[in-house]
Every structure is written in C-alpha cells, then in structure tokens.
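Beneath this line is the structure, given in structure tokens, with notes to follow.
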Amino acid sequence: MFLLKTWRSTAFGVYGYMNFTKNGFLEHSKKFKPEDTQIQIEGKNCVVTGANSGIGYAAAEGLASRGATVYMVCRNKERGQEALSKIQTSTGNQNVYLEVCDLSSVNEIKSFASSFATKDVPVHVLVNNAGLLENKRTTTPEGFELNFAVNVLGTYTITELMLPLLEKATPEAKVITVSSGGMYTSPLTTDLQFSGEKFDGVEQYARTKRIQVALTEKWADKYKNKGIGFYSMHPGWAETPGVAKSLPSFSESFAGKLRTSEQGADTIVWLALQPKEKLVSGAFYFDRAEAPKHLKLAGTSKSPDLIDSVIDTVHSMAALDS
C-alpha cells in the first residue's frame, strides 16, 4: 500500500509538473480554436457556486462577458457583492446577480434552491465550483467533515435540487463540476468523512475530488434521458486565494509557475459554450480536451458498485426524500 501511494504521488507530481502549470497551459493552448470561446450566449442563465474569487470569479466573469445572465452563489454577502460589482463593471453586463448560500450546509442549500425555484428560470449551465481544502479536521454544525460537506455533499445536493430548472433548459442544459488533478492520487473510498485517527486534509480533499468525477459519470448515465449533459473538469494548478491559504508551501515553491485564475477557468467557459454534440457526457476534461480519469498503474479505478454505495450514503445524508 505504501509503495502504491508513493507511486501515485510521484506519477502525479511528474504528470502535473508537465501539464498542470502555466507552461502546460501555454503549450496546450496552441491547439485551442479561438472561435470556440467567441460564442455569445445572451439569454442563457448560468449559476456559478463559489464565485467571489479565484476560478469561480473568473468563470462567472467569462460567462458574463459573453452575455449570459449569471447568478453568483457565494457564502459571504459583502465579498459576493464586491465581486458582482467588479464583474458588472468589467463586462458591462448588468444581468449578474448575487445569491447568498453556504455550500457546507445542506439546510442552507435547500433553502436557497427553494427560493431560487420561485424565479422559475431555466438553468442552462450549473457550475459546481465551490470547494475547499481544510487541513485540520473541522465538523460543520450539521455534523459533517468540512471538506466532504462542501466538495461532495454540497455539490450533490445543489445539483439534485436544480434538476427541475435544468430540465427547463433542455436540450442545452449542462452541469460542470470543478474537480482537481489531486484526484489522481486517490482511489474511490466509502470512508467519506475520513475516520482514520490522523486526519490528512490533502488526502481527504483528493478523495472528495475523486468522488466528484465518479459522481459526474453516474449522473450522466442516470439522467441521460433528461437532456442534461454532465461534465467534470480540472483547472490545473492555478494561483488562487484558496491555494495560497490551503497549500502555502506548494504556492511558494511554484511561484511564477502557476496558472492565472482565468487560465484555470478557461475549460469551464469552453464547456459552457460548446454545443453538446461536441462533448461527452460523464467525461473528465482538462485544457479543452477529454482527459484520462486515472494515471497508469495508479490502482485508482474501482468497480461501479462503490460509487453506488457512496451515492446512496450521500443521498441519505442530504435527506432529499424527506
């Protein structure tokens, strides 16, 4: 087990250094087609979670600059308002709105989804960007480990509750979930809240990000007849406030080599703009292309039964049937 973990970390480090940095983006961008992101999407409604800074902000700004009506879902009202004003100013698009919701709380998400549903607007794109890496074990007031609460339980709950509004936007509806290259270091596990004695925030983050990729695959299959496309992606290694706070030594050692938030958000915007027939529902994307979900010999692929068990557990935690 130790050797396998060491191999995963080494393979991830080498693969990441070659692909996930700013240089990786610049190299990959040579193959990008500029016309892919010159599409205007006036009249399309996009919901972006964790939109007040970093990649979420860049994604919200990118969509607003192409004419979308953007709903920014942020935890902090003041920071959200400040980000909203900046986006309205920089894009000239006044159809940008703030929705305040703490994605670590199932109850808050239910309350947000319920009030948002009264707008009765079709949701063309839901970007599940809100996420965090908390290094110390922290439990939410609802009793869930914090990384899991935001990255998995929050993502699952908001997506399931948005389904009726996504269905209103078919056949154009898309759900884009922002995972992380860190998921390459972790197999699926049913130990959702890291019951081990020595808590490891980085490992727990990787586990939750692996679940997001498997969950996207499952959603794509489960809802294939609803006309909604489900995609996961990862932004590469970007210089964001979240990375600086959660991984200070990584941030310092890669100073000048990390991507900008805009480069990190590029594939989110690209996915939002592409016709669905050009995309593969359930796939994992990186730098505008479908990417492998597992590194070679890393032993991270597991049977579908495991994700079914994870989803059953998460579903009951979210208490969506009540």
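These residues, SER261, SER232, go from largest to smallest accessible area, 1.4 Å probe, as SER261, SER232.
P(r) tail for segment 96-145: Cα pairs beyond 16 Å make up 52% of the total.
Please check: in the Gaussian network model of the chain (C-alpha springs, under 10 Å), which one of ALA265, ALA255, ALA206 has the largest mean-square fluctuation. For the chain, modelled as a Gaussian network with Cα springs under 10 Å, the answer is ALA255. Comparing GLY154, GLY16, GLY236 in a Gaussian network model of the chain (Cα springs below 10 Å), the most mobile by mean-square fluctuation is GLY16. Of all lysines in the structure, those lying under 18 Å Cα to Cα from LYS33, and not within fewer than 8 positions of it along the same chain, are LYS276, LYS278.
Ordered by solvent-accessible area of protein heavy atoms (1.4 Å probe), largest first, the residues HIS234, HIS28 come out as HIS28, HIS234. With both labels modelled 7 Å from their Cα along Cα-to-Cβ, the VAL14 to ASN135 distance reads 2.8 nm.
Distances between placed amide hydrogens fall under 5 Å for LEU98 paired with MET72, all partners being 5 or more residues away or on another chain. Each label was represented as a point 7 Å from its Cα along the Cα-to-Cβ direction; for GLU197 and THR89 these points are 5.4 nm apart.
For the chain, what does the helix formula give at 222 nm: sum of -39500 (n - 2.57) over DSSP H segments with n ≥ 4, over the residue count, nearest 500 deg cm²/dmol? Calculated mean residue ellipticity at 222 nm is -13500 deg cm²/dmol. Close amide H contacts of PHE230 (hydrogens built in the peptide plane, cut-off under 5 Å, sequence separation of 5 or more or a different chain): VAL175, GLY282. In order along segment 270-286, the phi-based Karplus estimate (6.51 cos²θ - 1.76 cosθ + 1.60, θ = phi - 60°) of 3J(HN,Hα) comes to 4, 4, 5, 8, 6, x, 4, 5, 8, 10, 10, 5, x, 7, 10, 10, 8 Hz; Gly and Pro are listed as x.
Largest mean-square fluctuation among PRO122, PRO34, PRO171, in a Gaussian network model of the chain whose springs join Cα atoms under 10 Å apart, belongs to PRO34.
In what sequence, largest accessible area first, do ASP305, ASP287 appear using a 1.4 Å probe? Write out the running numbers ahead of the final one.
Numbers: ASP305 110, ASP287 15 Å².
Greatest to least solvent exposure: ASP305, ASP287.
The chain: Rg/Rh from Cα coordinates, Kirkwood Rh?
Here Rg/Rh amounts to 0.93.
With all protein chains kept in place, the per residue accessible area of the chain amounts to 44 square angstrom at a probe of 1.4 angstrom. Evaluating 6.51 cos²θ - 1.76 cosθ + 1.60 at θ = phi - 60° for every residue in segment 177-185, the Karplus couplings come out as 10, 8, 8, 7, x, x, 5, 4, 8 Hz, glycine and proline recorded as x. The accessible surface of the chain, taken with every protein chain in place and a 1.4 Å probe, is 53 percent carbon and sulfur. Using the Cβ-Cβ distance between LYS33 and LYS245 with R0 set to 30 Å, the FRET efficiency from 1/(1 + (r/R0)^6) comes to roughly 0.30. Remark: for residue pairs LYS22/LYS293; LYS31/LYS168; LYS5/LYS226; LYS257/LYS293; LYS30/LYS77, the C-alpha separation exceeds 30 Å in LYS31/LYS168; LYS5/LYS226; LYS30/LYS77.
The values are calculated or read from the model by the stated rules, or taken from the named source; none is laboratory data. Just so it is clear, the structure is predicted and the values come from calculations on it, not from any experiment. Positions of Cβ are generated from backbone atoms using ideal geometry, with glycine treated the same way; all protein chains shown enter the neighbour counts. Side chains are part of the model used for accessible areas, which takes the heavy atoms of the whole protein and leaves out ligands, DNA and RNA. Shrake-Rupley method; radii C 1.70, N 1.55, O 1.52, S 1.80 Å.
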